[in-house]
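The structure appears below as structure tokens.
The values are calculated or read from the model by the stated rules, or taken from the named source; none is laboratory data. Remember, predicted model here, so these are calculated numbers, not experimental data. For neighbour counting, all protein chains shown are included, and Cβ atoms are generated from backbone atoms with ideal geometry for every residue, glycine included. What goes into the accessible areas is simple: the full protein's heavy atoms, side chains included, and nothing from ligands, DNA or RNA. Shrake-Rupley method; radii C 1.70, N 1.55, O 1.52, S 1.80 Å.
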Amino acid sequence: MVTENRATGTTDFDWRTFLLRWSGEWADALPDDEVRNADDEAARRSRWLGFPPASEERIAAMEERLGRRMPPSYRSFLRVTDGWRHAGGFVWLLAGTADARWHDNASGLADLYEEYLEEDAEPEERREAGVWRRGLQLDVESDATYVLLDPEDVDEDGEWAVWTWASWRADAPERHRDFRAFMEAMFREFHSLRAHRTDGGPEFVNATTRELDARVEEARRDALRGDWETALKKLDEAKGYGRPRAAGLGDQIRRMLGLTYMVYFPGLVTDPRYASELLPPLVAAHAGRSHDDSVLTYHLRGADEALMSRARATLDQVRAGTYRYTAPGPFGEAADRARELARRGDTDQAWRALIDALPLWQPLGPDHIAPLGWLADPLLGPLLTPERSRELLSTPRGGESGEAPSRAPDLDPPGLDWLADRDRDRGTGRRGYRFVLVEGVAPEDLPGRLGDGDAQDAGLGKPVTISEARHQQLRGTGGVWSSSSSDRPVMAVGRAGAGWSFAFDGDPDPFTPERFVSPAAAAAAATRAVVVWADLSGRRDEPFFHLSVARDGVEEYAFTYADGELRRTGDVPPALDPDRFLAGPVAVAEAERPLLRAVAEHFGVRLPRHALLNGRLPTVVSRSWTRPPEDGEALFVWTRVG
């Protein structure tokens, strides 16, 4: 439909070819009960929605009447047809040379939009509001729809933008860059409305639908080869025409990119073949933003009762944090391995387990282009980042070959000194932090070492975020924190490198240093344990840093910097000698990172940043870190509610 003008090096739109195709496809798709009048019947028989061409004299007379030369694409359109019937589904007659007229606020929309302009409104906002006074109206007969050419919104080619407004659409008018773009959009609208008809009528198959469906199939192969960007462009084009597979395939790419708004996998999520992969991420997105389950029911309309029952069960599991992704074949086995790695905080290894198995993944049917169900898994879902989503989508799979993508960077830095970065958006480090490291012990064994009473036998709690762990601790005290309360934190648990496990609290409350009791000795039965508690964030009057190390149930050495004083016990190794780091109050904040680095290097440990900041980890309820007040000991009591 586009031909090149070799003399000028420009391209001219082939209006006649475009409009003839539109007319023929409209005529073939028009059922008898939609013929509105004799003109429609004549257009159907002639297979032409237009009129005779406008002569240059008629166009010139029109321009003289209106006082403006018409923009190029509208002029070239008029030279093919002097007006148009059925521009999309809601404009029944579009103006030619005789009917185009200045709108001059005939709709009253100028008053409406100008009323809501702020005093400091941008010039662009004022220009958009003013189009209803200055625009050239092209709609002659319509379903409460206005179409205006804007003589003040002109591009470098002299084209005028087109603005449309309909009473039953969103409040904001829609802008098209020029008249040609508007007509192409109306052709897409005609196709989309016909493609979604369910009340019978002629089968809607024609040259355009066949071309688009072929491009959808190309896009599916592109996606499986890893060329997801090309695939998405083709799918979005076909979606604009209402092609039935395009939206469901494109939504799989969008969801893998982390998008959830307006992502519903239409036409596929209710297909039992794909429910195991597409239903969980749809349900998870719904659970995260709405408690009105009728919204989910609406997007599953057409599903049978078995699938609806499955959806309700999945929703309950997602909300309870118990949903577990399963899949057949090697990818399913890799997902199982990845889940256990993620449970222990090894999120980089977990991601590698998934991505390394991806080339062996097989789609569940011809409209499945990526594994998606794992996104709803509370342990696997947090593995995804924007970089990793692109790595996955760029990885050839499903039996297709292609170029291997670049590897997304690992997310967990070595060591401990990342704790000094103070990630205020996530909470970790905002109020300080504390952790216990235990050597030669699995995370599952930490409750017996750190807990007391019932906590020793309860085992690990279900995986939660660090914020949820904090809320669990608050609920456990009736919603009230007090300095007189027993300090029994809910701590995230995982691996701390080769041969070590950790328990971590990323938001401890203020305390009295004199009443602090390290859990290192209790955790170190028949092994070695390390405890670190730091609050250098300025919330306390004085910075605080504590390190204690125990072996075989006995504390070997410790030091504490609090209230401007350094106190130590035992024989601290030279590598950890506090005199190397804590020279005075001014140097404490600067000493935090070197201290953490020294601890990590001396014991060969690390803490998983991504798992702690973004993932979910099992928890343990620790025994109290604070001793009761002694006789005659003054006690300042504070409380914090909620």
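Restricting the range 324-379 to residues that are charged (D, E, K, R), open to solvent by 50 Å² or more (accessible area, probe 1.4 Å) and free of Cβ contacts under 8 Å to residues at least 24 places away in the same chain leaves a set whose member that is farthest from THR465 (Cα to Cα) is ASP356. Exactly one residue among LEU259, LEU235, LEU278 is within 17 Å of the chain's Cα centre (by Cα) and free of Cβ contacts under 8 Å to residues at least 24 places away in the same chain, and that residue is LEU259.
Scanning the range 298-321 for residues that are of a type outside the set (A, V, I, L, M) and either under 22 Å from the mean Cα position of the chain (by Cα) or open to solvent by less than 70 Å² (accessible area, probe 1.4 Å) (or both) returns TYR298, HIS299, SER309, THR314, ASP316, GLN317, ARG319, GLY321.
Looking at ARG169, ARG177, ARG134, just one residue is open to solvent by 20 Å² or more (accessible area, probe 1.4 Å) and farther than 20 Å from LEU109 by Cα, and that residue is ARG177.
Within the set ALA550, ALA558, ALA525, ALA521, the sole residue that is assigned to a loop (DSSP other than H, G, I, E, B) and within 22 Å of PRO489 (Cβ to Cβ) turns out to be ALA525.
Restricting attention to the range 32-47, the residues that are in contact with a Lys or Arg (Cβ under 9 Å, 6 or more places away or on another chain) and touching a residue at least 12 places away in the same chain (Cβ under 8 Å) add up to 3. Among the strands (runs of 3 or more DSSP E) lying completely within the range 48-166, list those that include at least 2 residues that are over 45 Å from the mean Cα position of the chain (by Cα) and within 30 Å of ALA29 (Cβ to Cβ). Per the criteria, no element qualifies.
The set of residues in the range 112-131 being surrounded by fewer than 18 Cβ atoms within 10 Å (Cβ to Cβ) and of a type in the set (A, V, I, L, M) consists of LEU112, LEU117, ALA121. Residues that are surrounded by 22 or more Cβ atoms within 10 Å (Cβ to Cβ) and touching an Asp or Glu at 6+ places or on another chain (Cβ under 8 Å) within the range 244-260 comprise ALA246, GLY248, LEU249, GLY250, listed in sequence order. HIS103 falls short on exactly one of the conditions (1) buried (at least 21 other Cβ atoms within 10 Å of the Cβ); (2) closer than 19 Å to ARG180 by Cα, and that condition is (2). For the range 280-297, the count of residues that are open to solvent by less than 30 Å² (accessible area, probe 1.4 Å) and within 23 Å of HIS196 (Cα to Cα) is at least one.
What are the residues in the range 207-232 that are surrounded by fewer than 17 Cβ atoms within 10 Å (Cβ to Cβ), touching a residue at least 12 places away in the same chain (Cβ under 8 Å) and more than 32 Å from the chain's Cα centre (by Cα), if any? Once the filter is applied, which keeps residues that are surrounded by fewer than 17 Cβ atoms within 10 Å (Cβ to Cβ), touching a residue at least 12 places away in the same chain (Cβ under 8 Å) and more than 32 Å from the chain's Cα centre (by Cα), the range 207-232 yields only ALA207.
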